[in-house]
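Single-structure report; data block below.
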Amino acid sequence: MLTPEEQEELMQLCWEYQYGDLSHKDAARLERLVLNSDQASDFFIQYAGMCANLEWEGIVDPGPLGRSTNYDPLPSGELRTLPLYLHASPKRTFGKKTLFALSAFLVVLVVSISLLYFQFWQNNTPSFLARITNTQKAVWEKGKRKWKTDELLHARDELYLSGGLIELETALGARVILKGNSHLIPINVSQFQLDQGNLFANVPPQAEGLTIDTPTSRIVDLGTKFGLIINPSQETEVHVLKGLVEFNLLNSKRETTVTKNLFERDAIRIHPDSHEITKIETIPEFFVQNLKVESPALIGHWKLTETENSPIAKDYSGNQLELQIIAENGKSPFTGKPAPNNALTSAGPFDSQSRKLFRTLSQNEARLFDMSRFTIELWARNPNSDQQADSDILFHYRNTAEHSTSQFNLYAADSLDRTGKLGFGFLNTKGKYVGHQTEKHTKWQKDRWYHIVFTYDSNTPIPNDSIVTLTRTPEFASVPDMQQTLSEIEDIHPLVAGGILVIGGSTLTDISRHWGGEISDVRFINGIPDRYLTHHSQQTNR
């Protein structure tokens with residue numbers, strides 16, 4: 001495909017070749033363009049044909065070399081080689097034409113060239129690489145261009161999205177959704193460069209081959225839906241949600257060193273320095289896949305992979321819900337303990353009241369959490385063994401100024417034989433605390449990680465018909481060792497701003513109920529992902 005600059009250059013060279021003084025250098029340039037591009041060859045043939053028609057009708061004399069009078073059109077791509085140089089005299093022969101004829105020639109020539117130019121390039125080369133089709137609460141980096149819906153992107157335009165979402169449609173029909181904080185640069189009609197951020201691509205057959213360059217790799221679509229995450233340290237994640245992609249690992253010279261195909265539900269992480277490739281879990285909720293349809297949304301994501309003694313836990317959801325340790329007499333729960341699912345490290349042990357991760361939610365932050373339909377999932381191991389309280393808390397929220405009890409609590413029930421029951425409690429819409437536990441007895445094996453998933457669905461507007469499913473799956477196991485669905489559960493009261501969200505314990509003044517072991521990769525999701533919609537097929541229990 002010719003760039004707009006090459007298109008303008010080709011028109012000028014054709015004019016000089018037909019009626020002007022073509023230098024040796026320009027003749028060689030014209031030859032390269034025509035022989036190396038079918039589009040340039042087609043344009044050259046059509047241009048020569050147009051000039052021949054003008055000469056035949058007597059509107060204009062042939063050029064100084066009489067080139068168009070012997071015009072013999074050939075199929076595209078089969079144009080005979082131009083000479084390396086063309087001797088042309090700068091002297092022009094117009095004959096005895098009147099001023100009127102000359103004016104008529106100029107008018108017809110300009111109109112003909114314009115029509116030919118627009119018709120040809122409209123049919124063969126798009127004038128843009130992508131179009132912004134939708135935005136949601138888009139925030140642009142300070143000092144950078146603020147793009148709007150329906151604006152067109154051309155080569156080397158830059159998008160600095162610091163927050164919110166934008167949706168692009170490429171000239172070939174691929175749909176791309178970008179989530180801030182992201183930096184994207186269009187390269188050509190089927191290639192884009194993502195330096196940082198979160199990108200989802202839905203690629204139809206006509207756009208197959210969409211290529212995304214990252215700091216460490218090149219991703220080539222082979223007919224698929226996929227997502228990319230590049231964090232500020234340039235660590236890259238590739239998630240194949242459907243279909244197939246080709247992954248190419250690049251060295252510092254941007255040369256391919258490893259090529260492999262990634263299939264549906266494959267996901268990998270690429271370390272920015274060592275370029276080590278690690279297989280990870282595919283998480284569709286990391287990516288916004290449709291701006292027009294409400295789908296599960298990641299509200300909080302605490303990987304808990306911070307370095308030892310870190311005072312904060314970063315939120316990777318984009319909502320900036322970072323957690324912190326207790327300021328006075330507090331201890332960091334980041335102690336370098338190993339983590340599951342190929343993660344680097346976990347948080348824990350939360351072996352005392354002083355080891356907690358918490359955040360006081362503002363009004364806007366509390367509104368992010370949809371307590372009518374949500375999912376909490378995390379990894380945990382080694383609950384408390386000293387039996388200080390009746391439960392070991394994993395995820396907790398409470399506003400002590402407004403309520404005398406928890407607004408939401410997810411925990412493992414304590415007992416002398418470590419039965420492994422899971423429990424939850426919450427403040428209902430009438431302001432009363434209610435709690436439930438699973439029935440199955442399954443012990444916690446020492447030092448073994450368990451994947452815990454809690455889903456809540458208020459179901460219908462009718463009170464007390466909510467559905468809850470609790471699932472626990474041991475690491476490396478293919479099926480859960482505990483799963484129970486409870487129905488006719490009361491509705492949960494919305495979170496009240498000013499309360500404290502805690503991982504690994506309860507309120508800041510509670511001296512017990514902290515989680516004894518480690519916790520990893522905690523996510524709060526508005527909605528229920530398809531893979532967790534088990535309550536429709538499970539037998540319900542009260």
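Derivation of every value follows stated rules applied to the coordinates shown; laboratory data play no part. Quantities reported herein were computed from a predicted structural model and do not represent experimental measurements. When we count neighbours, we look across all protein chains shown, and the Cβ atoms used for this are built from the backbone with ideal geometry, even at glycine.
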Ordered by fewest other Cβ atoms within 10 Å, a rough proxy for footprinting exposure, 371, 11 read 11, 371
For residue 399, the residues 5 or more places away or on another chain with a placed amide H closer than 5 Å to its own amide H are 407, 500
Per principal axis, largest first, the Cα atoms of region 297-541 extend in Å by 47, 40, 34
Length gained if residue 155 through residue 231 is fully extended, taking 0.36 nm per residue and subtracting the Cα-Cα distance, is 24.9 nm
Highest mean packing first, using Cβ neighbours within 10 angstrom, the peptides 36-49, 247-260 sort as 36-49, 247-260
Checking rank on 154-161, 306-313, with mean other Cβ inside 10 Å and highest first, the result is 154-161, 306-313
For region 210-224, in residue order, the Karplus 3J(HN,Hα) values (coefficients 6.51, -1.76, 1.60; θ = phi - 60°; whole Hz; Gly and Pro = x) are 3, 10, 10, 8, 10, x, 10, 7, 10, 10, 10, 5, 10, x, 6
As a Kirkwood estimate from alpha-carbon pairs, region 179-294 has a hydrodynamic radius in angstrom of 14.1 Å
